[in-house]
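Notes follow the structure.
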Amino acid sequence: MLALYRALLRFYPAVYRREFGDEMIEVLSEVQVDIRKRDPVTRIFFAGRETGGLLSGAFHAHLRSITGSYDNGIFSARRFAMKSEFRFPKATVGLMIVILVAVMLAIEKARAISMSIPHANPPVGPIQSVQATIVQTFLATLIWAITAGAIGWGILYALRRTGVQQLSEMKPSSGLRSGK
Amino acid sequence: MEVSEPVLLILLSLAGQPRHGYAILQDTERMSDGRVRLSTGTLYGALARLLDEKWIERVKEQNSSRGRQAYRLTAAGRRNLQMEVARLKQLTRVAALRVARKET
């Protein structure tokens, strides 16, 4: 089984493997010694859990390296987090720029193709206006998305500030005493 | 940072003494009466995050010929754990009151 776990570790980002790979294999081999004493059903469940855990861990490690955040909001169905420091995922900005450039290039390419095709049919004038509409719609959507994102970010930032303020005002020791 | 149950158990496991990965796995299972069994992938995902947030730090484990790593709470980690425990206490107090009121 260790060979399988070693193979699954290859799915993790290289940085993560360098930092934790040997340690994880060491822990897995220790757990493996324990689990050999158990019944076959437990061993099967263990193998399934470890395989799932490694695959899920690799996925989240990659997601973390892409988004720069552990709270990606896609698979996190837990309570609202008040982070100790706010990090805007820089990769998002890069991704938006790449998408924008790709769309603009696609429009230009389509325009070039339409120009290169000999006009066997009547002139295709209306296409120009459709293209213009697409660009306008895209720009309007982009502006709307940026505005909505800025408002959302502002609300989250304000909530975070409020949360951090509340946390800083909390006295853990007094909180524990009052719980008795 | 959000504190899920596995993360809370890991923090509680490190509250008493530094522990290495395998000891954390055993301790979390013991604390939850076998209900929470972390996989190695889940454990190291949580440890990576806690290291990143500086809630825990690495220490070289004593009495170990292999020089493996152990983890311990930082001051910030201990403070955050205390706040989480206080929050849970407050929540369970309210929950107990509400449940008792409903039963009467």
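Details
- Residues in region B:1-43 that are more than 11 Å from the chain's Cα centre (by Cα) and of a type in the set (A, V, I, L, M): B:M1, B:A23, B:V36, B:L38.
- Filtered residues of region A:16-35 (kept if more than 10 Å from chain B (Cβ to nearest Cβ) and under 21 Å from the mean Cα position of the chain (by Cα)): A:R17
- No other residue among B:Y44, B:Y71 is surrounded by 17 or more Cβ atoms within 10 Å (Cβ to Cβ) and not in a helix (DSSP H, G or I) apart from B:Y71.
- Some residue of region B:54-77 being touching a helix residue (DSSP H, G or I) at 6+ places or on another chain (Cβ under 7 Å) and touching a residue at least 60 places away in the same chain (Cβ under 8 Å): yes
- Looking across region B:23-41 at every residue that is part of a helix (DSSP H, G or I) and surrounded by fewer than 20 Cβ atoms within 10 Å (Cβ to Cβ), the one that is farthest from the other protein chains (Cβ to nearest Cβ) is identified as B:M31.
Every number in this text was worked out from the coordinates using simple rules, so none of it is lab data. Worth saying up front: this structure is predicted, and the values here are computed from it rather than measured. Ideal geometry is used to build each Cβ from the backbone, glycine not excepted, and the neighbour counts take in all protein chains shown.
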